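Note sheet for the following structure.
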Amino acid sequence: MENQDREGKIQEFLEMVESSDNIVFFGGAGVSTESGIPDFRSVDGLYHQQYEYPPETILSHTFYRRNPEEFYRFYRNKMLCLDAEPNMAHKKLAQLEAAGKVKAVVTQNIDGLHQLAGSKKVLELHGSVHRNYCESCHAFYDAEYVLHSEGVPQCGTCHGSLKPDVVLYEEGLDNQTIQEAIYYISNADMLIIGGTSLAVYPAAGLVDYYPGNKLVLVNKTPTPRDNMANLVLSESIGELFGKIKV
């Protein structure tokens, strides 16, 4: 009976996607774990590994300023997963966008996998490891440059320190990105939320701007918003998206 119920939910999800043409996807770390990128809060995520400092301390603005060498040691080792490849969720979202059904991807991830899969309209709430800037002359450097540098990466032109275009703890989100996310979510006919515990604010609060009746939550563990969703699926997001026909 439970299996029948599960299959029924999956079928309902597929029918919702089929009947929608203004879909917005809102994703978190669980979208990228299937590409081998560790998340922060799962049992085997970064928060449960042992470091001299907790990851949330290292990834804070204060720590970055006070201990930039230690910050970059952790950052290179744990945040720059440059060999990761897009999984089926990333690929299907790009295909759905190309077909005119998905209008935007709003992501809390900083790995660039949505763009690598071919998505064009990607709103990165927390920035990207692929953009790094000199704090003195604002010259741009890619993630490879940072990965293969030593200590605090230096600008090749003015020798200033580089900073990743990643939102650290204690830093605010980019207002333009937030406004765009609100625009797309508030105009969507279907909002799919995937791979996020909806525990990080202000990002999680964006869900409140969705006015429709096709709110789907796909996450392996319960979230605080399950009771407001029209459909809740505790599936592998890659496997679920693999069933979508584009």
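Are there helices (runs of 4 or more DSSP H) fully within the range 93-192 with at least 3 residues that are open to solvent by less than 50 Å² (accessible area, probe 1.4 Å) and touching a residue at least 12 places away in the same chain (Cβ under 8 Å)? List them.
113-117, 175-187
Of all residues in the range 193-204 being part of a loop (DSSP other than H, G, I, E, B) and of a type in the set (A, V, I, L, M), which is least open to solvent (accessible area, probe 1.4 Å)?
The qualifying residue least open to solvent (accessible area, probe 1.4 Å) is Leu198.
Going residue by residue through the range 221-241, is there one that turns out to be modelled with pLDDT of 95 or more, out of contact with any Asp or Glu (no Cβ under 7 Å at 6 or more places or on another chain) and under 25 Å from Glu56 (Cα atoms)?
Checking the range 221-241: not a single residue is modelled with pLDDT of 95 or more, out of contact with any Asp or Glu (no Cβ under 7 Å at 6 or more places or on another chain) and under 25 Å from Glu56 (Cα atoms).
Can you name every residue in the range 1-59 that is open to solvent by 90 Å² or more (accessible area, probe 1.4 Å) and at pLDDT below 80?
Selection gives Met1, Glu2, Asn3, Gln4, Arg41, Val43, Asp44, His48, Gln50, Glu52.
Show the residue pairs that are 6+ apart or on different chains and have beta-carbon atoms under 8 Å apart, the first residue being within the range 202-229 and closer than 19 Å to Tyr184 by Cβ and touching a residue at least 24 places away in the same chain (Cβ under 8 Å), the second being among the basic types (Lys, Arg) and open to solvent by less than 40 Å² (accessible area, probe 1.4 Å).
Cβ pairs passing all conditions: Val207/Arg225; Leu217/Arg225.
Just for the range 205-246: of the residues that are of a type in the set (S, T, N, Q) and under 23 Å from Tyr183 (Cα atoms), which one is least open to solvent (accessible area, probe 1.4 Å)?
Looking at residues that are of a type in the set (S, T, N, Q) and under 23 Å from Tyr183 (Cα atoms), I get Asn230.
The values are calculated or read from the model by the stated rules, or taken from the named source; none is laboratory data. Small disclaimer: the values here were computed from a predicted structure and weren't measured. Cβ coordinates were reconstructed from backbone atoms using ideal geometry, including for glycine residues, and neighbour counts include every protein chain displayed. These area figures cover heavy atoms from the full protein model, side chains too; ligands, DNA and RNA do not enter into them. Shrake-Rupley method; radii C 1.70, N 1.55, O 1.52, S 1.80 Å.
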